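Chemist: Here it is: the structure, laid out below.
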Amino acid sequence: MQTLEHCRVDARIEAVCSKGCSQVRQDIAALEAGAQLPETRDLSEEERGTLLRELKQIMAVYGDACRLPST
């Protein structure tokens, strides 16, 4: 059985991923920089960390597809 925390994170993952590959990469970069996303405002620090780790795992499947341009 899933915990409430896990359900909340899963719902946010779906919301972020629905924005598309390039935006998910931008959102990952923003989260790594400590920024809040609309989808993470009501999550605890631990939940945001879980969300970030899971987003990275999901995007690792895509390899270099839709990478953010180097600055």
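Chemist: Quick one: helix 45-60 against the long Cα principal axis of the chain, what's the angle to the nearest 10°, folded into 0 to 90?
Modeler: That works out to roughly 40 degrees.
Chemist: Taking K and R as +1 and D and E as -1, what net charge do the other residues with C-beta under 10 Å from the C-beta of Asp27 add up to?
Modeler: Numbers: positive: Lys19, Arg25; negative: Glu32, Glu39.
Summing Lys/Arg as +1 and Asp/Glu as -1 gives 0.
Chemist: Related question: Kindly point out, ordered by number, any Cys in the chain whose beta-carbon has no other cysteine beta-carbon under 4.7 Å away.
Modeler: Cys7, Cys17
Chemist: Hey, what D do you get for the chain in µm²/s if you plug the Kirkwood alpha-carbon radius into Stokes-Einstein at 20 °C and 1.002 mPa s?
Modeler: Approximately 172 µm²/s, per Stokes-Einstein.
Chemist: Here's a follow-up. On C-alpha positions alone, give me the angle between the axis of helix 21-32 and the longest principal axis of the chain, in degrees, nearest 10.
Modeler: For helix 21-32, the angle is close to 70 degrees.
Chemist: Right, another one. Quick one: helix 4-17 against the long Cα principal axis of the chain, what's the angle to the nearest 10°, folded into 0 to 90?
Modeler: Helix 4-17 sits roughly 20 degrees off the main axis of the chain.
Chemist: May I ask you to list the trypsin sites (Lys or Arg not before Pro) in the chain that are in a DSSP loop and have at most 14 other Cβ atoms within 10 Å of their Cβ?
Modeler: Lys19, Arg41, Arg67
Chemist: Given 0.36 nm per residue, what is the gain on full extension from Ala65 to Glu45 after removing their alpha carbon distance, in nm?
Modeler: Taking Ala65 through Glu45 to full extension adds about 4.3 nm, to one decimal.
Taken together, the values in this text are just the output of simple stated rules run on the coordinates, not laboratory data. Just so we're clear, the structure is a prediction, and the values are computed from it rather than from any experiment. For neighbour counting, all protein chains shown are included, and Cβ atoms are generated from backbone atoms with ideal geometry for every residue, glycine included.
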